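Every number here is computed from the coordinates shown, using simple stated rules; none is lab data. Worth saying up front: this structure is predicted, and the values here are computed from it rather than measured. All Cβ positions, glycine included, derive from the backbone under ideal geometry; neighbour counts span all protein chains shown.
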Amino acid sequence: MSHFDAFNGDADGICSLLQLRLDSPRESTLVTGVKRDIALLERIPAARGDSVTALDISADTNRTALRALLDEGVTIDYYDHHYAGELPSHSNAVFHIDTSPAVCTGVIVDRVLAGRQRIWAVVAAFGDDLLEAGRTLAATLDLDGAAVASLRELGECIAYNAYGDSEADLLVHPAGLYRTLHKCADPFRFIEFEPLFDEIKAMRESDLEHARRHMPEQAPGAPVYILPDAPWSRRVRGAFGNELAAASPDRAHAILTPNARGGYTVSVRAPRSTQTGADAFCREFATGGGRARAAGINNLPADQIDEFTRRFGQAFR
Ligand SMILES: [Mn+2]
């Protein structure tokens, strides 16, 4: 009987699994990818008697594969904070799902584990840009300000590493990063002794430097950045979006990068002051989706850029 751990390759997915596997170690096959690679359950070759833990991937997106695995006789434990739609009721499935905006998957796992691996929940929350949740959880641990700041930087670095349109854009595959973090077990050991941390940090800083040189298209009160076709621009979308949102909390931001389909991948941040509207706006486009404060469009056709910029300005002016 085999076990499969299917998790989002970002900080929330990785740190959620770290909590579970540090708390109850078990052999498993890792199934993960870049941040946007969320249709993970269809890749799992599980059979009757096998088990799956799914973390930080929308149950709505995975609905068909989820149903097929359950029908096959596979046991599933599901932890997530994305839109799930109607969940199948099945004796082999347990769902831990909470879609409230201040919660990420790492926080849900922390509740289930009664805080036993909380330090990784702190990293998860900071990685998902949930500063309040990160600080609140950190306050229950014996950490000084500098230690909390280090955990925040670690969360941001792990989150950054998952951005990119394909694994070729990334410095390290999320499964490899998970294994290195798991080997360290303590986040401060990873920060102090793993060269990989310094490599990710330096690459993130250099990508941000590139991005800061670009001026936005001016939709009224809602800047739209169109970055060039390069691995750095695909990697920096999330980190740059968070930086812009922190600098101008009353504005929404959009970042566009050319993709392999001849269109653009779009990342949208709602104004930090309201934290709403990003998902509703993105869903107006064919391949749009996401959450209220951070959403995206997988493929915006090139001839819709002007239309997108105009409507973005209208939606968020
Ligand atoms: Mn998440």
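Shown here is the pair-distance distribution of the chain: with all Cα-Cα distances grouped in 10 Å bins from zero up to the longest one, the shares run 6, 28, 35, 23, 8, 0 percent. Using the Cα coordinates of the stretch 214-316, the gyration tensor eigenvalues translate into equivalent-ellipsoid semi-axes of 18, 15, 13 Å, sorted from longest to shortest.
Placing one identical point scatterer on every Cα of the stretch 1-108 and ignoring solvent, what is log10 I(q)/I(0) from the Debye formula at q = 0.18, 0.25 Å⁻¹? Taking Cα atoms of the stretch 1-108 as identical point scatterers yields -0.81, -1.62. Reported to the nearest whole Å, the Cα centre-to-centre distance from the stretch 173-194 to the stretch 282-313 is 35. Contact order, relative form, for the chain: 13 percent (alpha carbon pairs under 8 Å, 6 or more residues apart, mean separation divided by residue count). Using the Cβ of Phe316 as centre and a radius below 11 Å, the other residues enclosed give a net charge of +3, where K and R count +1 and D and E count -1.
The distance linking the stretch 112-168 with the stretch 77-101 is 22 Å (Cα centroid to Cα centroid, whole angstrom).
Under the combined filter of DSSP loop state and at most 13 neighbouring Cβ atoms within 10 Å, the stretch 1-102 retains these GluC sites (Glu not before Pro): Glu27, Glu86. Its relative contact order, with pairs defined as Cα atoms under 8 Å and 6+ residues apart, puts the stretch 214-316 at 24 percent. From the square roots a ≥ b ≥ c of the eigenvalues of the alpha-carbon gyration tensor of the stretch 131-280, which class results: rounded (a/c under 1.5), prolate (a/b over b/c), or oblate? Because a/c hits 1.5 or more and a/b fails to exceed b/c, the stretch 131-280 counts as oblate.
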